[in-house]
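Accompanying notes for the structure given below.
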Amino acid sequence: MTGLRIAALVAAPVLLIPLLVACQQELPVAVTAERGQVVFSVPATNPPCVNEIRVAPASAPKDSVWAVDSSDSKHCHTRFAYGALPAGFTQIVAAEPLKSGRLYLVAIERPGAMGITFFEPGKADGSIERDPPAN
C-alpha cells in the first residue's frame, strides 16, 4: 500500500452500523498509511478510552472486515494499526486483507463519542478528500 484516499464523514445520515447511538459526540478519526500499513488515530484522552473499532466496506457497512473491542480502561490507545490487536482488546472479527481501490469505513467508539471516516487503501498519490462518498 503506498497511500490512502480518505473521506471524513461529519454526520452519519443513515444508521450505518450497529455502533451508532443517539446523542454521541463526534470523535475525530484520522487515517494514514505508514510503512505499508493502514493506521487509525484519535485524539489523546484519559478515560473514557476507545472501546470498539470496526472496519467494513462502505458498500456493506454491517459486514465488518476487522473488529475489536475492549472493556479495559487501563489501556487507553490513540493509534491502531489495521489488523494488529491492541493490548487490552479482544478480536471480534479477524482482519481480512484490504483491497486496493475499495472504499472502506472505520468506526471508532468510546463512551459518549463516536467517529466514522472513509478511506481507500492503495492509492499512489495519498490524496485526501474531505467530502463523504456520494450515495
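The values are calculated or read from the model by the stated rules, or taken from the named source; none is laboratory data. Because the structure is a prediction, the values reported are computed rather than measured. Virtual Cβ from ideal backbone geometry, glycine too; neighbours counted across all protein chains shown. Quick note on the areas: whole protein, heavy atoms, side chains included, nothing else; ligands and nucleic acids left out. Shrake-Rupley method; radii C 1.70, N 1.55, O 1.52, S 1.80 Å.
No other residue among 13, 48, 28 is modelled with pLDDT of 90 or more and either touching a helix residue (DSSP H, G or I) at 6+ places or on another chain (Cβ under 8 Å) or in a loop (DSSP other than H, G, I, E, B) (or both) apart from 28.
Per the listing 134, 95, 33, 87, the residue uniquely in contact with a Phe, Trp or Tyr (Cβ under 7 Å, 6 or more places away or on another chain), among the small types (Gly, Ala, Ser) and either modelled with pLDDT of 95 or more or on the phi < 0 side of the Ramachandran plot (or both) is 95. Selection of the stretch 89-124 for residues being under 17 Å from residue 44 (Cα atoms) and either free of Cβ contacts under 8 Å to residues at least 24 places away in the same chain or among the charged types (D, E, K, R) (or both) yields 109, 110. Quick check on residue 33: is it in a loop (DSSP other than H, G, I, E, B) and open to solvent by 10 Å² or more (accessible area, probe 1.4 Å)? Criteria not met by residue 33.
Here residue 80 meets each of (1) under 25 Å from residue 120 (Cβ atoms); (2) open to solvent by 40 Å² or more (accessible area, probe 1.4 Å) with one exception, condition (2).
Just one of the numbered conditions (1) surrounded by 12 or more Cβ atoms within 10 Å (Cβ to Cβ); (2) under 14 Å from residue 90 (Cα atoms) is not true of residue 71: (1). Of all the criteria given as (1) at pLDDT below 90; (2) open to solvent by 40 Å² or more (accessible area, probe 1.4 Å), the one not satisfied by residue 38 is (2).
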